[in-house]
Amino acid sequence: MRFLFLVSLILWPFLSAAEGQLYWKSYRDQSPLQDQSIVVVDSNELKTFIILTEPRASVFEQRDTIFETAFPDTLQNVEVFEKRVGIDGAVRDLVLTFSALNVDEHVEVVRTLTELLYRTDYKASYVPFSPGPWSEGLGMARAISVPNLDLRPQDIWNWLGESSIEFEPLDFSAYATPASFQKLIATELGVFRSTEPGLIIAILDRNRRLNEQEAALRQFLLDSDLILAAVVRDDNTPRRIALVGRERDVPLDAAPPLRLDTILTLAANRSEDLAQSYVSHPVR
């Protein structure tokens, strides 16, 4: 009996790793396309497995330090798995193994992971996953009509400049009187929604780097499902830009938000040409 106990202690890390790989492969078999999510596996009562699909390059490169610092008492293992895409592309996922988490710990881990991945825990959420035959994970696809994108600059100006539409901050804890777009872009920074459902705007400081304003960008991307325009002040004082989006009507599982890392990569590009790669790189 003592011999079997010692063998179990020796093999335990390898069994845990094999289990994590099995869950990862099962999830990727059901979700083979590009995907950036926090996936919580409905597994056993001894361990909790969380899959981070295609995390940002900056998080991926510092994964050991970041996660060990964030979860010193519950994290057991961090594994890397690579999925081939196309001819020579690849995406990389992480599988985190935790000791069994209770409900409160589970909520806190997801909140902390969201903060680490997106620099804000706004609308922190996860994808529940129960391993099973691939056919069991299929569901009815939503029928989404193509929106009318026939917008002119005058249409945008009619909404923002000449109409009586007012906006309020997304953060309901921050009391503020609804204000017009013209007043907000002159005096405020942050993310706002129209008091009558329809529009979301993010007002950013053009004197600061975008990666210093990631929290506002993430909020804007979560609460909009279509980018309509970008607006700057004529006099350029103060130097601000407003991103204008349609307030989200399509759920996140049907139309995931644009990725922060993709936006930052495009914004950092200074060449005349763009190239596409399935391997993410950190933005310096």
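The values are calculated or read from the model by the stated rules, or taken from the named source; none is laboratory data. Just so it is clear, the structure is predicted and the values come from calculations on it, not from any experiment. Note: ideal-geometry Cβ built from the backbone for every residue, glycine included; neighbour counts use all protein chains shown.
The residue of segment 77-121 that is modelled with the highest pLDDT, among those that are exposed (fewer than 12 other Cβ atoms within 10 Å of the Cβ) and in a loop (DSSP other than H, G, I, E, B), is ASN102.
A quick yes/no check of all residues on (1) modelled with pLDDT of 90 or more; (2) under 12 Å from the mean Cα position of the chain (by Cα); (3) of a type in the set (S, T, N, Q); (4) crowded, with 19+ Cβ neighbours inside 10 Å:
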| position | (1), (2), (3), (4) |
| --- | --- |
| GLU212 | yes, no, no, no |
| SER224 | yes, no, yes, yes |
| ARG233 | no, no, no, no |
| LEU252 | no, yes, no, no |
| LEU260 | no, yes, no, yes |
| LEU266 | no, no, no, no |
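Filter segment 70-84 down to the residues that are more than 21 Å from the chain's Cα centre (by Cα) and closer than 17 Å to THR114 by Cβ and list them by number. Listed by number, the residues that qualify are THR74, LEU75.
What pairs can you find where one residue is in segment 200-219 and in the same structural domain as VAL231 (by TED's automatic domain parsing) and in contact (Cβ under 8 Å) with a residue 12 or more places away in the chain, the other is part of a loop (DSSP other than H, G, I, E, B) and among the acidic types (Asp, Glu), and their Cβ atoms are less than 9 Å apart, with a gap of 6+ or different chains? The qualifying pairs are ILE203/GLU188; GLN219/ASP171. If the condition is being surrounded by fewer than 17 Cβ atoms within 10 Å (Cβ to Cβ) and in contact with a helix residue (DSSP H, G or I) (Cβ under 6 Å, 6 or more places away or on another chain), then segment 52-76 contributes only ALA70.
Across segment 31-51, a minimum of one residue is classified as in contact with a His (Cβ under 8 Å, 6 or more places away or on another chain) and assigned by TED's automatic domain parsing to the domain that holds ASP121.
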